[in-house]
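The values are calculated or read from the model by the stated rules, or taken from the named source; none is laboratory data. Quantities reported herein were computed from a predicted structural model and do not represent experimental measurements. A quick note on method: Cβ atoms are made from the backbone with ideal geometry, for glycine too, and the neighbour counts reach across all protein chains shown.
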2 protein chains.
Amino acid sequence: MGKDKVALGIDYGTESGRVVVVRVRDGEQIASAIVPYADGVIDERLPKGPRLEPDWALQNPRDYLLVVEKGVPKALKAARVKGENVIGIGTDFTASSPMPTKRDGTPLCYLPQYRKHPHAWVKLWKHHAAQAEANRINEIGRARNEEFIRIYGGKYSSEWFFSKLLQVLDEAPEIYEAMDRFIEAADWIVWQLTGVEKRNTCTAGYKAMWVKSRGFPTREFFRALHPRMENVVEEKLTEDYFPLGGRAGGLAPAWARKTSLPEGTPVSIGNVDAHVAVPACGVTEAGSLVMIMGTSICHMLLGTNRQMVEGMCGTVEDGIVPGLWGYEAGQSAVGDIFAWFFEHGVPEYIWKGARPSAGGRDVTAELEKHAAALRPGESGLVALDWWNGNRSVLVDVDLTGVILGMTLATRAEEIYRALIEATAFGTRTIVEAFESKGIPVKNLVACGGLPEKNRLLMQIFADVTGREIRLAKNLQTCSALGAAMHGAVAAGRAAGGYDTIFEATEKMAHTQKLVYKPRQGHREIYDRLFKEYQTLHDYFGRGANDVMKRLKELKKSCQSSVVSRQ
Amino acid sequence: MGKDKVALGIDYGTESGRVVVVRVRDGEQIASAIVPYADGVIDERLPKGPRLEPDWALQNPRDYLLVVEKGVPKALKAARVKGENVIGIGTDFTASSPMPTKRDGTPLCYLPQYRKHPHAWVKLWKHHAAQAEANRINEIGRARNEEFIRIYGGKYSSEWFFSKLLQVLDEAPEIYEAMDRFIEAADWIVWQLTGVEKRNTCTAGYKAMWVKSRGFPTREFFRALHPRMENVVEEKLTEDYFPLGGRAGGLAPAWARKTSLPEGTPVSIGNVDAHVAVPACGVTEAGSLVMIMGTSICHMLLGTNRQMVEGMCGTVEDGIVPGLWGYEAGQSAVGDIFAWFFEHGVPEYIWKGARPSAGGRDVTAELEKHAAALRPGESGLVALDWWNGNRSVLVDVDLTGVILGMTLATRAEEIYRALIEATAFGTRTIVEAFESKGIPVKNLVACGGLPEKNRLLMQIFADVTGREIRLAKNLQTCSALGAAMHGAVAAGRAAGGYDTIFEATEKMAHTQKLVYKPRQGHREIYDRLFKEYQTLHDYFGRGANDVMKRLKELKKSCQSSVVSRQ
């Protein structure tokens, strides 16, 4: 690739890390390397250690380092790029995935005396064992009318930073005492690469109650949570947080040696996978809703001012790009619902009609073919897309799925289409929540694994929301591209990069020519169906009939009585 | 079989007729013969005639005669019984299945000038093209506060006698003029066999607004329906109706010759398939609910007095056995829902696990095995069994099915079990409607095709209703046995039969030793689930949210706009 300047993006996912080599002048992705985590998601037992309780999900921080050590040389080699042409490095991470460390950054799980202690490891974003702590945080937060309750759309999640920290304190006070730091993996990896602990405003704002103008909640609040947490910020966190796009430091000598990159190569402030995808989708202004569409959907939107929107995952100033308010919302199952249907709901006549493909038959294509031939409203079905609860706007994990309208003539493809429509209604609900607060959503931009596979889905999302949808050029590597873009910004124009994420976006981020446009006739019918969805949504989701919660309780009591009989 | 006296039962079903030879002293079924109707259900075009509109369903009365002509000799031969040992003949029919005839009983469709006219043929019970007429009948009936509205649980069906007659008058006044009689096939076949027109009180009471003490509605009512119907009773029906179990007449000479039965063999008054099954299940007293379980369920109950119970198909004095009030209720889809699920909802893992059987794999057994291993409440699901609308107690064909509670872990066998439970909740709703009016339902007795195939279903019905269920001995031939029992009563004790249906039942009707008993622990959980079912039942079924009707409207408008585009 000659002397083109490149930036590296390192994208830390749930199962693996990905290193991409991106040409700075136009964002062309030259090569990439994927490094699976050796210990993966640790949810059954610690490596050579004890069994874990249900709902735990841990990781080994050493796996994160191996992504750099193995992935960077591999990607550079594949790109035929020399280390000296790399002007900057950016990273992005799952969040909230915090870990306890000593003052020098050593994870507690590295130390022999803590190695077999589950609380010494990284708590992955999907660690769900801190629900009791989240409940306490919400209870006290509401009683004290804390601002974070509003910022997080009415509820602080069990997946987030302080729920996880409070779980450590509740269940393993000795680990709490032993840690000097509790730190997001997003910040820890940057600390490792540069030798400097500089935490980012994004995870602080979206996961840890931090507000730009005011910092963290008061000591009184933390003391109310737990007496030993009164001074948690000074004792376990830091006071200073750094905006996205800044330079955290230069690559440390040891890492320069391991990766053949120049010592001092600029490394950007840590970032979050969903948030970093926004500029990579070409979005740095208000009005475009970015959807990262996979097993679930993350909805990212920029706004010019702060509004309290129902059911947000967070609302953070400069949380996505500088100078704007970053809003995050989400649907907890989308691709997952279709995967459920493919496994549990596809009858023989679909299966037999499907063309053979690697590993079986292409049931998806067969279903899509039949479902696409249907007109909106023709099936007489409507569904609620709550197979994994509802994130936005209801923030309720105990809600469950509904299909309504079956007759003896209802076919599998009709149910499939109703499920797609339900997920689109879920997104429309979020869009309308934004607009009801005066935050415009003019169009949609999609990335992630789902848009590529499923054209019908994208068309239905356009018809249901009544908005055009563009697709990111590199659908599956948006976060990695976004990380590389931040690497280029960390380098700055003088070093061949860009001075702002806005410049970087203009040059490096691209969308496809394909645009899904709403079809007028379809939209009108979907307006009627959406009204039905809304009525059911509010009836089952806002307390008129809590049947879903009662059924879940009954289910749990059945399961526990089975366990107790054994 | 030596000199054992036998009775013949002739059971006219939808696709065929069945003749059974039954030993009078103990009800033993010696032999049977099935004669399929040559013209079957005529729902696409008349034989050598014009195409029919949607929703039409006709039959050829000649097919009914062939059942006697072919079936009786065949059954007697199989039973090795001589004609002289037959002491009586009973019949039962689908209803309401009326036809227009001349004064001598000749069906209009026999006459060359009417042969190609659809309205000249038998309108089968499931002819659904008279909805507009039924609507008019209900509207006028309600406005005039006619008693039949209460008798039929608030709604007169499009399937019934006067809806069909009014359709003839609306659409083919020349046929209306040409007919001297409009008569149920149940009565017509008796007329043919005996030469005497003696109509039964059962079809009159359940399908034609007739009330024992008062006869038909007034002339004013019929005139309000249509001016030319003012004198419909005198002009097209008869004034006299005869109770079940009586002797209509003796076998006519021509039929004696055709069947080798003695001339004058007693023939009982015509009967209806569901009603005649009640004594054949051993039930001639109040307190036992008979369920004829197949694609749908008919619920038949005897009561000592008259009550207006919500959603009845009818409430008729002497309508099932003399001296008691016969109540009929129903669920419009039961076996049909399971058949739908087997076709449209069974995924590969069930299909692959099923044992090979004739014509495919025994998916039912595989599903039942897995579903039976579940505990009540364990699935977290609840469903509304309205795949074909709701007959009792809501009487609303526009209601549709619901499944609620799905998560990403929901499996096919859980959905199957939820569907079974939903049909059981439907029956419990009917049971509670009876009991709320002081009509006791102490236990259940089942017959029909469904109980034999599905033990899990029967156990769940017992658990959900909290009542013991016995099964008829001959599950699938209950109606035919009941017809033969009425034949024995028509003969009377002097001729070797019985004087009353009560005596006949005591000797001839039997149930199996197997009894399904409610399991206490299960019942308590089902009490909780039933409450959820009731809440959803009332929410979607009683006007709080008419989403199902709106979706059906939308579906219809989509379909008609597709048709209009073609």
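Brief remarks on what is shown
- Screening region A:378-408 for residues that are within 23 Å of residue B:550 (Cβ to Cβ) and of a type in the set (D, E, K, R) and picking the one that is nearest to the other protein chains (Cβ to nearest Cβ) gives A:378.
- Scanning region B:155-173 for residues that are more than 19 Å from residue B:311 (Cα to Cα) and not in a helix (DSSP H, G or I) turns up just one, B:172.
- Checked against the criterion of being modelled with pLDDT under 95 and charged (D, E, K, R), the candidates A:531, A:555 yield just one match: A:555.
- Checklist (1) modelled with pLDDT of 95 or more; (2) surrounded by fewer than 16 Cβ atoms within 10 Å (Cβ to Cβ); (3) more than 14 Å from every other protein chain (Cβ to nearest Cβ) applied to residue B:520, failing item: (1)
- Residues that are closer than 19 Å to residue A:384 by Cβ and either buried (at least 24 other Cβ atoms within 10 Å of the Cβ) or more than 7 Å from chain A (Cβ to nearest Cβ) (or both) within region B:409-418 comprise B:409, B:414, B:415, B:418, listed in sequence order.
- Residue match in region B:150-159 (condition: in contact with a helix residue (DSSP H, G or I) (Cβ under 9 Å, 6 or more places away or on another chain) and at pLDDT 95 or above): no
- Residue in region A:386-405 that is surrounded by fewer than 22 Cβ atoms within 10 Å (Cβ to Cβ), acidic (Asp, Glu) and touching an Asp or Glu at 6+ places or on another chain (Cβ under 9 Å) present: yes
- Some residue of region A:475-486 being touching a helix residue (DSSP H, G or I) at 6+ places or on another chain (Cβ under 6 Å), under 30 Å from residue A:376 (Cα atoms) and either in contact (Cβ under 8 Å) with a residue 40 or more places away in the chain or more than 14 Å from chain B (Cβ to nearest Cβ) (or both): yes
- Of the residues A:449, A:541, the single one that is more than 14 Å from chain B (Cβ to nearest Cβ), in contact (Cβ under 8 Å) with a residue 60 or more places away in the chain and within 30 Å of residue B:381 (Cβ to Cβ) is A:449.
- Among the residues of region B:14-57, the one identified as within 24 Å of residue B:68 (Cβ to Cβ) and of a type in the set (Phe, Trp, Tyr) is B:37.
- Scan region B:215-267 for residues that are more than 30 Å from the chain's Cα centre (by Cα) and hydroxyl-bearing (Ser, Thr, Tyr) and the total you get is 1.
- Scanning region A:80-98 for residues that are surrounded by fewer than 24 Cβ atoms within 10 Å (Cβ to Cβ) and either in contact with a helix residue (DSSP H, G or I) (Cβ under 8 Å, 6 or more places away or on another chain) or in a helix (DSSP H, G or I) (or both) yields A:82, A:83, A:84, A:85, A:87, A:94.
- Among the residues of this structure, residue B:283 counts as one that is at pLDDT 95 or above, crowded, with 23+ Cβ neighbours inside 10 Å and part of a loop (DSSP other than H, G, I, E, B).
- Test: residue B:565 is modelled with pLDDT under 95 and either more than 21 Å from residue B:389 (Cα to Cα) or within 14 Å of another protein chain (Cβ to nearest Cβ) (or both): yes
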